[in-house]
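Shown next, in structure tokens, is the structure this report addresses.
The values are calculated or read from the model by the stated rules, or taken from the named source; none is laboratory data. This is a predicted model, so every value here is computed, not measured. As a convention, Cβ positions derive from the backbone with ideal geometry for all residues, glycine included, and neighbour counts pool all protein chains shown. Ligands, DNA and RNA are excluded from the accessible area calculation, which covers all protein heavy atoms including side chains. Shrake-Rupley method; radii C 1.70, N 1.55, O 1.52, S 1.80 Å.
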Amino acid sequence: MNRKARLVSIFERLLVQLEAGPYQPPGDGWRDPRIVRNCELIIAAGFAMKNLPLAAVAVELLAQRQPDTVRGIMYAAVSVGWLPDTSDKSYGRIQRILNEVRKRRVIPFRWIVDNIRSTEKPSSWSGLGDFADTVRDAYRLDYWASLSDYVCIIVEKDTVAGRVSPITRQYDVPLHPLRGFSSTSFTYAIADEWEQIEKPITAYYIGDHDPSGREIERSMRESLARLTTRPFAWKRLAVEPEHFEKFKIIPLEAKKHDTRFDKFVRTYGRRCAEVEAIPADVLRDMVEQAILSHVPTTQWARLRKIEAQEKASWKASMGRFESGGVA
């Protein structure tokens with residue numbers, strides 16, 4: 001049997017399997033040509049029949065939203081009907097599948113983010129020319145020094161930082177992942193930084209909508225207010241109660257054993273949601289729009305032009321240095 005015939009045979013069997021399952025696929029979504037192509041890649045990688053449909057859909061969802069987290073793709077798969085719930089069992093299944101598609105090189109490893117990690121290594125170069133290229137490429141004009149506001153993004157956990165960091169890097173905005181309840185040292189470091197800023201400060205916050213998530217935010221905001229003399233605006237981007245309908249989030253139940261349960265229910269009701277329930281690309285759009293609300297378009301364009309000119313000037317200077325034209 002050739003590859004095409006084998007693929008047709010597999011899809012015939014998949015259709016029967018999906019229609020007989022505990023949940024229904026979204027219409028004829030399994031016939032989407034991109035998902036068909038994903039299936040071809042996954043079949044070539046040697047995936048078992050049992051996981052083929054979910055693997056194909058997971059790859060397509062990730063292609064649309066990357067970079068994203070495993071939990072984010074699990075929520076997406078549930079929302080379109082390819083997983084029955086957000087249980088640990090569902091998470092474990094999608095995690096195993098995404099690990100496999102990365103190991104088998106169906107998708108790049110960088111499409112999945114878990115937390116902000118770095119490798120420790122002293123800087124070194126092959127020579128002065130290599131060093132000059134590094135310095136030129138690393139140089140960025142501090143646009144915000146010329147702007148009237150100071151903006152930072154504070155997120156509850158590393159996984160959220162991984163989702164939004166492409167935007168904060170693009171606009172050179174500080175990103176602070178709390179990793180749960182923040183330590184005094186970490187909070188003080190942010191407050192100390194704010195003490196040096198003589199312009200309006202706006203902190204945008206992203207966290208879970210549940211008893212612990214709301215308490216982490218409250219604790220951080222009040223700690224910063226105590227530790228800095230600088231006034232600041234605090235704006236929560238997500239998750240908010242209106243996001244359940246807006247993004248069709250499947251609500252989770254608040255944990256009754258949480259000591260903050262009663263207070264949360266009185267204020268917000270029983271519906272809870274993790275940040276990962278909001279699509280990664282949508283979350284990045286939220287962050288970008290928040291940042292751009294502080295950036296005059298014409299001024300930003302002028303600063304970009306200045307940066308390009310400075311880089312060109314540096315390149316010319318290094319060219320003379322490397323050629324021996326500078327003593």
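Taking residues in region 206-224 that are within 15 Å of Asp158 (Cβ to Cβ), and partners anywhere that are surrounded by fewer than 17 Cβ atoms within 10 Å (Cβ to Cβ), the pairs with Cβ atoms closer than 7 Å and at least 6 places apart or on different chains are Ile216/Gly180; Ile216/Phe181.
Can you name the number of the only condition in (1) closer than 26 Å to Pro177 by Cβ; (2) open to solvent by 40 Å² or more (accessible area, probe 1.4 Å) that Lys89 fails? Here Lys89 clears every test but (1).
Applying the condition of being within 19 Å of Arg179 (Cα to Cα) and modelled with pLDDT of 95 or more to region 236-271 and asking which residue is farthest from the chain's Cα centre (by Cα) yields Arg236.
Evaluation of Gln170 against the conditions (1) in contact with a strand residue (DSSP E or B) (Cβ under 6 Å, 6 or more places away or on another chain); (2) open to solvent by 40 Å² or more (accessible area, probe 1.4 Å); (3) of a type outside the set (D, E, K, R) shows that the sole unmet condition is (1).
Looking only at residues of region 68-84 that are assigned to a loop (DSSP other than H, G, I, E, B) and touching a residue at least 60 places away in the same chain (Cβ under 8 Å), we find that the one that is nearest to the chain's Cα centre (by Cα) is Thr69.
With respect to the conditions (1) at pLDDT 85 or above; (2) farther than 27 Å from Ile167 by Cα; (3) not hydroxyl-bearing (Ser, Thr, Tyr), Ile94 falls short on a single one, namely (2).
Filtering region 155-176 to residues that are touching a residue at least 12 places away in the same chain (Cβ under 8 Å), charged (D, E, K, R) and assigned to a helix (DSSP H, G or I) leaves Asp158, Arg163. Among the residues of region 246-263, those that are touching a Ser or Thr at 6+ places or on another chain (Cβ under 9 Å) and open to solvent by less than 100 Å² (accessible area, probe 1.4 Å) comprise Phe247, Ile249, Ile250, Leu252, Asp258, Arg260. What do you reckon, is Glu288 buried (at least 16 other Cβ atoms within 10 Å of the Cβ) and either in contact with an Asp or Glu (Cβ under 9 Å, 6 or more places away or on another chain) or β-branched (Val, Ile, Thr) (or both)? Taking the combined requirement at face value, the residue does not satisfy it.
Yes/no matrix, rows are residues, columns are (1) modelled with pLDDT of 75 or more; (2) over 30 Å from Tyr204 (Cα atoms); (3) in contact with a Leu (Cβ under 8 Å, 6 or more places away or on another chain):
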| position | (1), (2), (3) |
| --- | --- |
| Met286 | yes, no, yes |
| Ala290 | yes, no, yes |
| Thr298 | yes, no, no |
| Lys315 | no, yes, no |
| Glu322 | no, yes, yes |
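In the condition set (1) closer than 18 Å to Tyr75 by Cβ; (2) modelled with pLDDT under 95; (3) open to solvent by 20 Å² or more (accessible area, probe 1.4 Å), Glu276 is compliant with all but (3). Those residues that are charged (D, E, K, R), outside any loop (DSSP other than H, G, I, E, B) and open to solvent by less than 80 Å² (accessible area, probe 1.4 Å), I need them from region 222-245; list them, please. Within region 222-245, Glu222, Arg236 meet the criteria.
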